[in-house]
Amino acid sequence: PAYIRVKVEKDIELAEEKTEEPDLGLMHLDFDNELWARGEDGYYYYKEALAAGEITNPLFASVSFDKEMGNMYQNSTARVNVTAYATQVANNGDSALDALGWPESK
């Protein structure tokens, strides 16, 4: 069995002629807070250990954009980068949040 954690990074690449910094807060993800917990380190931890061959429930199912997004965002590209990590359950804490064997993040 393994514990799972996920790093989520939002990114908006503005069109070439734009020089302003994009407001990533205008991208909204519908995170599942029932089966996933957000750790103090910013990672999302699956609340259940997974047996070999099992998969998690989705961390989020959709991305939406705030109605306040103006013309600055026309012709831009939005991305959600997701990186998943796993560590063994055996001798490694009572939950994913307690586990110590996480790989180094990059």
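The values are calculated or read from the model by the stated rules, or taken from the named source; none is laboratory data. Every value quoted in this text rests on a predicted model; they were computed, and no experiment measured them. Here Cβ is always computed from backbone atoms with ideal geometry, including for glycine, and neighbour counts include all displayed protein chains. SASA here: full protein model, heavy atoms, side chains in, ligands and nucleic acids out. Shrake-Rupley method; radii C 1.70, N 1.55, O 1.52, S 1.80 Å.
Mind jotting down a quarter of the surface of the convex hull over the alpha carbons of the stretch 37-106, in square nanometres, one decimal?
Seen from a random direction, the Cα hull of the stretch 37-106 projects 7.0 nm² on average.
What whole-number value in Å² describes the accessible area per residue of the chain for a 1.4 Å probe?
With the other protein chains kept in place, the chain gives 68 Å² per residue.
Over the stretch 1-95, what is the mean sequence separation of C-alpha contacts under 8 Å (at least six apart), divided by residue count, expressed as relative contact order in percent?
It comes to 51 percent, rounded to a whole number.
For the stretch 47-75 and the stretch 12-30, what is the centre-to-centre distance using only Cα atoms, to the nearest Å?
16 Å
Given a Förster distance of 25 angstrom, what is the FRET efficiency for Ala61 paired with Lys10, based on the Cβ-Cβ distance and rounded to 0.05?
That gives a FRET efficiency of 0.95.
Could you please state how large a percent of the accessible area of the chain is carbon and sulfur, counting protein chains only and using a 1.4 Å probe?
Exposed carbon and sulfur together represent 46 percent of the surface.
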